[in-house]
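Structure, as structure tokens:
The values are calculated or read from the model by the stated rules, or taken from the named source; none is laboratory data. Not measured: the values here are computed from a predicted model. Here the Cβ positions follow ideal geometry from the backbone for every residue, glycine too, while neighbour counts run over all protein chains shown. Keep in mind that these areas ignore ligands, DNA and RNA; they rest on the heavy atoms of the full protein, side chains included. Shrake-Rupley method; radii C 1.70, N 1.55, O 1.52, S 1.80 Å.
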Amino acid sequence: MFESSYPLVFLAWFLGGFINGVSGMGAAMVALPIVACVLEMSEAVPATCLVAVTLAVYVAWMYRAHSRVAPIIPMLLGCIPGLIIGVCVLRVVPGIWLQGGLGAALIVYVAWQLLHRADTAHPESVRGCAVSGFASGFANAAISFSGPPVAIYALYVGWDKDTTRGTLSLYFLGISIC
């Protein structure tokens, strides 16, 4: 049976897919708030998780030739304590404060990037991967927003767009499983 909420859900995922196709991430970040307008969160979140995992598999497959596997392991190892701490913090700190904190951190990063134009990429490091994975896991568990920390790392080390899409889709697949 066709429900009246289906067109909005389809539109939400179309927009999310478009954003993901352009940037390599963000499908769930765009689609979930729209889907939550017409579905209960108990339905919207699991559906979003299933679509996000499917999308991560697809993008990882499409960009498999450009994926870098070495950074994934420390990112995922850093992500696990980040997930645990994010869940613990979410129980104590209101979600709106966490969202505001992440928003403020993104504004600071953008301001820093505008003021500090680096012409050369920085070397990759296990520590940098683990820290970005930790921050991503924390943000994912606390406010379901795991993309920015690892995307910032990809910019910091100078990955091209295909390497970023392939590598981060493998990471998002791993974090979705976690």
Counted residues in segment 63-83 being within 16 Å of the chain's Cα centre (by Cα), within 28 Å of VAL22 (Cβ to Cβ) and either in contact (Cβ under 8 Å) with a residue 60 or more places away in the chain or in a loop (DSSP other than H, G, I, E, B) (or both) come to 6
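Among the residues of segment 127-136, is there at least one that is basic (Lys, Arg), over 17 Å from the mean Cα position of the chain (by Cα) and not in a helix (DSSP H, G or I)?
Let us first name the residues in segment 127-136 that are basic (Lys, Arg), namely 127.
Restricting the remaining residues to those that are over 17 Å from the mean Cα position of the chain (by Cα) gives 127.
In the following step, the residues that additionally are not in a helix (DSSP H, G or I) were identified as none.
Within segment 127-136 (the criterion being basic (Lys, Arg), over 17 Å from the mean Cα position of the chain (by Cα) and not in a helix (DSSP H, G or I)), the answer is no, since none of the residues qualifies.
Does TYR156 satisfy being open to solvent by 80 Å² or more (accessible area, probe 1.4 Å) and either farther than 22 Å from SER23 by Cα or in a helix (DSSP H, G or I) (or both)?
Yes: the conditions hold for TYR156.
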Among the residues of segment 117-125, is any assigned to a helix (DSSP H, G or I), of a type outside the set (D, E, K, R) and out of contact with any strand residue (DSSP E or B) (no Cβ under 6 Å at 6 or more places or on another chain)?
no
When (1) more than 19 Å from SER67 (Cβ to Cβ); (2) modelled with pLDDT under 90; (3) open to solvent by 40 Å² or more (accessible area, probe 1.4 Å) are applied to PRO148, the one that fails is (3)
Of the residues in segment 54-74, those that are more than 20 Å from ALA28 (Cα to Cα) and touching a Gly at 6+ places or on another chain (Cβ under 7 Å) number 5
Residues in segment 128-145 that are open to solvent by less than 30 Å² (accessible area, probe 1.4 Å), out of contact with any Phe, Trp or Tyr (no Cβ under 7 Å at 6 or more places or on another chain) and of a type in the set (S, T, N, Q) total 1
Among residues of segment 1-50 being closer than 21 Å to ALA151 by Cα and hydroxyl-bearing (Ser, Thr, Tyr), the residue modelled with the lowest pLDDT is SER23
Sole miss for VAL59 among (1) at pLDDT below 80; (2) surrounded by 14 or more Cβ atoms within 10 Å (Cβ to Cβ); (3) not aromatic (Phe, Trp, Tyr) is condition (1)
Log entry, pairs with first residue in segment 11-29 being of a type in the set (Phe, Trp, Tyr), second being surrounded by 22 or more Cβ atoms within 10 Å (Cβ to Cβ), beta carbons closer than 7 Å, six or more apart or on different chains, reads TRP13/ALA31
Listed by first then second residue, the pairs whose first member lies in segment 149-170 and is at negative phi, whose partner is of a type in the set (Gly, Ala, Ser) and outside any helix (DSSP H, G or I), with beta carbons under 6 Å and at least 6 positions apart or on separate chains, are VAL157/ALA121; THR164/GLY24; ARG165/GLY24; GLY166/SER67; THR167/SER67; LEU170/SER67
Among residues of segment 93-104 being assigned to a helix (DSSP H, G or I) and free of Cβ contacts under 8 Å to residues at least 12 places away in the same chain, the residue nearest to GLY82 (Cα to Cα) is GLY101
